[in-house]
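The values are calculated or read from the model by the stated rules, or taken from the named source; none is laboratory data. Predicted model only: the values in this text are computed from it and were never measured. All Cβ positions, even for glycine, are placed from backbone atoms using ideal geometry, and neighbour counts span all protein chains on display.
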Amino acid sequence: MRQAVTATLSVWGERRFGYSTLKDSSESLLDERKLRPGLKEDSVIEEKERAENEQEHLEAVLGLPSSPVEDTESTEPSDSALESCQDRKKSGGLVSGSKNAESAGRKGSLGALPVQRCSSLGTTAPQWVPDSQAPACMKCGSKFSFTKRRHHCRACGKVFCVVCCDLRFKLTHLGGKEGRVCVTCHSTLNNRTLRKDQKKVWFADNLLPQSESRSANSSPVHRSVSHTQRTELAQAEVTDIRAGDEVRGLNGNSTKPTPPKDLPPILTSTGVKGDYTLEEKRTESSLLEELERGLAEPLVFVLNANLLAVVKIVSYVNRRCWCVMSKGMHAVGQPEVVILLQCLPEEKRFPTDIFNHFIQIYWDAQTAGKLLNHLSHSLVSRGFLGNNEHAGFLYVRPTFQSLEGLPLPVPPFLFGLLMLRAEAPWAKAFPLRLMLRLGAEYRFYPCPLFSVRFREPLFGPVNNSIMRLLVDFRFYRYTLPTVPGLVVDLEARSTCIRIPKTRHPELLKALNKSNERVLALGACFNEQADSHLICVQTADGQYQTQAISIHSQPRRVTGSCFFVFSGALKPSSGYLAKSSIVEDGLMVQVTMETMGELRRSLRDMRDFTVTCGKLHPAERQEYVHIQWQDEEPRFNKGIISPIDGKSMESLTNIKTHQRLEYKANGKLIRWTEVFYLLKDQHPNGLNNHTSHNRLSERLARAFCLALCQSLCLLKEDGMTKLALRVILDGQKMEFLAGGNGQRLPAPYQDCLNQSLMSVVQSNSQYQGLAACQLELIFYILEDTS
């Protein structure tokens, strides 16, 4: 009887959401993953899934508002879903058929469950089907067992097996985060997004600036508050400042960008400094002629009111390449992106897919806080740049590569390297291996900065690599932990693992999560080395170790991508320890006694040495040293203060994704990050970290409120990036604000001093803080809400 009810609900789900088979869900399910239910990691996945479920249930019980929605129009059901709902309403039942069958379905163990309405799919939290009432998958009917686990769909609440519920989709009731959904709901939500009517607008992401959006649509738009702002509103003591009626402390845009059909408008100068105009009706052929003539100035495309794409055809390392770089990512906390794409023979079209991807990256940072960094990646849909095998970009920071002749944005910026779908698992699990393999393929150290379309993949299926033991290539639930700044130096009969002392907390986290018999950590790219180990997969699927080095330099120090300490060596083996090169990493076999001593030294932040060789050596022994360094590799290279041009290199900074944003008169001012100007003022090691956070938030709020009515004037003067430097030392308080390398005029500074001093003086808890120096970064943008 229960199986009959399950089959009835499965048919109802298919008719309700417009699906019939698993094939209709997504091609990526079959192309990118080979699902094999019954592996041991399912139990780990289920445990983590339960923790996520408890968090979502807690938010639903407390009635917390959602984060900014992914799409303001996504609550509208698709055409097929609406017709299905209307048919059921006319027939008076969920499934067409006899009344007896309908009543039998309702009286079953699942018949009393509330129906998830089509219009609310993905926007409201569904009521979950209890595990006890779901003995089998509600899609394929497979019975659940110890190895075949249950998985709840976050959209409809029903229970499925891993094959029928292994996709993800951004859901409104999860605050715009991705949640596990079944193949049925995934296709319905995708169709709903694709069938939206696009508005006729100016810019590539279909967003108008504030002045024009008001005339185009006078009805108010409701916008949700992010999770961070919910926390601010819940804590009454966070601020004593109240915004006026003309100032709104709201979130970013909640309108999802849509891909442009034609080329975006072009921004051109009128000849007057700071004055520009838009050209919308230029033909693609005429623009290409300008680029091929080698004009000094690149073309500037307007993707939205705050984001530009700068395009130029350059000659880089004897290759003719498109150079496409973004301008405006900094305002959402994102580094600027540069794409060098090798031109195809007789290419007559702009690579507009890159424009669409820039819009998506901007949108992800603005709404979900997804920020790019070194060795991160972004994925694209099939057919990107004319090839279904193009999977996205791997982002790298330039090190030894030549940048001569390239138009570059203001730091920080990253180069995007085009990757293929067969290489995507390595970009997700172990990106350093993919970066170095690209360098070996094109003979650039450590990797090229340009991308080549329609090339062959550098990696095939993940077969017998050692990484299969360290990384979950199936669901990516766990991967090889990496400590920032940790590098491995390989020299003749000596290996040194160098760890920055400031990264001791990150190392302890990795140490606590590791198995007591195995300690494996990923290393960072070693800029001090002149060569690096790489891993090459042969045609028969085997992995070989090779090395690449800086051109025309001798190889003295070689970097490694990871290291593994294994406690599998038996005392009776006759060896103190064994070391060997495995793929592009270092493997050290030690006894369990040595493993215990190693773990204690890492916890206590002490240097440690492992002697490798026989107990009674007949030849020279090798040594593996673990050393703690006072300094870590440089970061924030090239970043300077907007106030006076002071270098911010190697200063710790924290991104503040949408924690503060105020609007007035068609402009908005956004706080994006804070720099700690004192070297020993590392936020991870402060006992009063919470007090510093609250202080910086209140100062940022006071700064925004004081300048809100002057945003138009400041933006006209070109001061779109502002900074506030705060120096607190006992009774000494000093505030300095500026932009474009100069201080703000005296009237602005006087107004700021009064507001900022009142924030510090009104809270005695800040007067007892140790000396601190902060620099807060703000951006003035067009309000496109």
Quiz item: GLU597 fails exactly one of the following numbered conditions: (1) part of a strand (DSSP E or B); (2) modelled with pLDDT of 95 or more; (3) surrounded by fewer than 19 Cβ atoms within 10 Å (Cβ to Cβ). What is the number of that condition?
Solution: (1)
Exercise. Those residues that are in contact (Cβ under 8 Å) with a residue 60 or more places away in the chain and of a type in the set (Lys, Arg), I need them from the range 542-561; list them, please.
Key: ARG556
Exercise. May I ask you to say which residue of PHE400, PHE358, PHE301 is farther than 30 Å from GLU661 by Cα and hydrophobic (A, V, I, L, M, F, W, C)?
Key: PHE400
Quiz item: If you check ILE534, ILE581, which single one turns out to be in contact (Cβ under 8 Å) with a residue 24 or more places away in the chain, touching a Lys or Arg at 6+ places or on another chain (Cβ under 8 Å) and in a strand (DSSP E or B)?
Solution: ILE534
Quiz item: Which of the residues belonging to the range 308-335 are more than 29 Å from the chain's Cα centre (by Cα) and outside any strand (DSSP E or B)?
Solution: VAL317, ASN318
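When you check GLU782 against the structure, is it under 23 Å from LEU678 (Cβ atoms) and modelled with pLDDT of 85 or more, yes or no?
No.
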Quiz item: Quick one: CYS772 ticks every box in (1) hydrophobic (A, V, I, L, M, F, W, C); (2) in contact with a helix residue (DSSP H, G or I) (Cβ under 7 Å, 6 or more places away or on another chain); (3) at pLDDT 90 or above bar one, so which box is it?
Solution: (3)
Quiz prompt | Residue list for the range 541-555, restricted to those being exposed (fewer than 13 other Cβ atoms within 10 Å of the Cβ) and either modelled with pLDDT under 90 or under 16 Å from PHE400 (Cα atoms) (or both) | solution = HIS551, SER552, GLN553, PRO554
Self-check item: Extreme residue, nearest to PRO448 (Cα to Cα), among residues of the range 343-355 that are in contact (Cβ under 8 Å) with a residue 40 or more places away in the chain and crowded, with 19+ Cβ neighbours inside 10 Å
Solution: ILE354
Practice problem: Specify which of the listed residues (LEU507, LEU480) is outside any strand (DSSP E or B), in contact with a Phe, Trp or Tyr (Cβ under 8 Å, 6 or more places away or on another chain) and either under 25 Å from LEU569 (Cα atoms) or among the hydrophobic types (A, V, I, L, M, F, W, C) (or both). | Solution: LEU480
Quiz item: Just to be sure, is LEU406 assigned by TED's automatic domain parsing to the domain that holds LYS327, farther than 22 Å from LYS312 by Cβ, in contact (Cβ under 8 Å) with a residue 12 or more places away in the chain and not hydroxyl-bearing (Ser, Thr, Tyr)?
Solution: no
Self-check item: Matching entry among VAL610, VAL564 (being under 30 Å from the mean Cα position of the chain (by Cα) and not in a loop (DSSP other than H, G, I, E, B))
Solution: VAL564
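Quick one: would you say PHE160 is of a type in the set (Phe, Trp, Tyr), closer than 28 Å to ASP364 by Cα and in contact (Cβ under 8 Å) with a residue 12 or more places away in the chain?
no
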Quiz prompt | Some residue of the range 625-638 being modelled with pLDDT under 95 and in contact with a strand residue (DSSP E or B) (Cβ under 6 Å, 6 or more places away or on another chain) | solution = yes
Exercise. Output yes when any residue across the range 325-339 is at pLDDT 90 or above, over 30 Å from ILE654 (Cβ atoms), assigned by TED's automatic domain parsing to the domain that holds LEU394 and buried (at least 19 other Cβ atoms within 10 Å of the Cβ), and no when none is.
Key: no
Quiz item: Could you list, in sequence order, the residues of the range 298-319 that are under 12 Å from LEU406 (Cα atoms) and free of Cβ contacts under 8 Å to residues at least 40 places away in the same chain?
Solution: VAL311, ILE313
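Yes or no, residue by residue, for (1) within 24 Å of PRO425 (Cβ to Cβ); (2) assigned to a loop (DSSP other than H, G, I, E, B); (3) not assigned by TED's automatic domain parsing to the domain that holds HIS330:
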{"position": "HIS357", "(1), (2), (3)": "yes, no, no"}
{"position": "TYR362", "(1), (2), (3)": "no, no, no"}
{"position": "THR367", "(1), (2), (3)": "no, no, no"}
{"position": "LEU372", "(1), (2), (3)": "yes, yes, no"}
{"position": "LEU375", "(1), (2), (3)": "yes, yes, no"}
{"position": "ARG382", "(1), (2), (3)": "yes, yes, no"}
{"position": "LEU385", "(1), (2), (3)": "yes, no, no"}
{"position": "ASN388", "(1), (2), (3)": "yes, yes, no"}
Practice problem: Answer with yes or no whether GLU661 is in contact with a strand residue (DSSP E or B) (Cβ under 8 Å, 6 or more places away or on another chain), buried (at least 16 other Cβ atoms within 10 Å of the Cβ) and closer than 25 Å to LEU508 by Cα. | Solution: no
Self-check item: Residue list for the range 146-160, filter: crowded, with 24+ Cβ neighbours inside 10 Å and in a loop (DSSP other than H, G, I, E, B)
Solution: CYS153, ARG154, ALA155, CYS156, LYS158
Exercise. Evaluate the range 438-451: report whether one residue or more is assigned to a helix (DSSP H, G or I), in the same structural domain as LYS312 (by TED's automatic domain parsing) and touching a Leu at 6+ places or on another chain (Cβ under 8 Å).
Key: yes
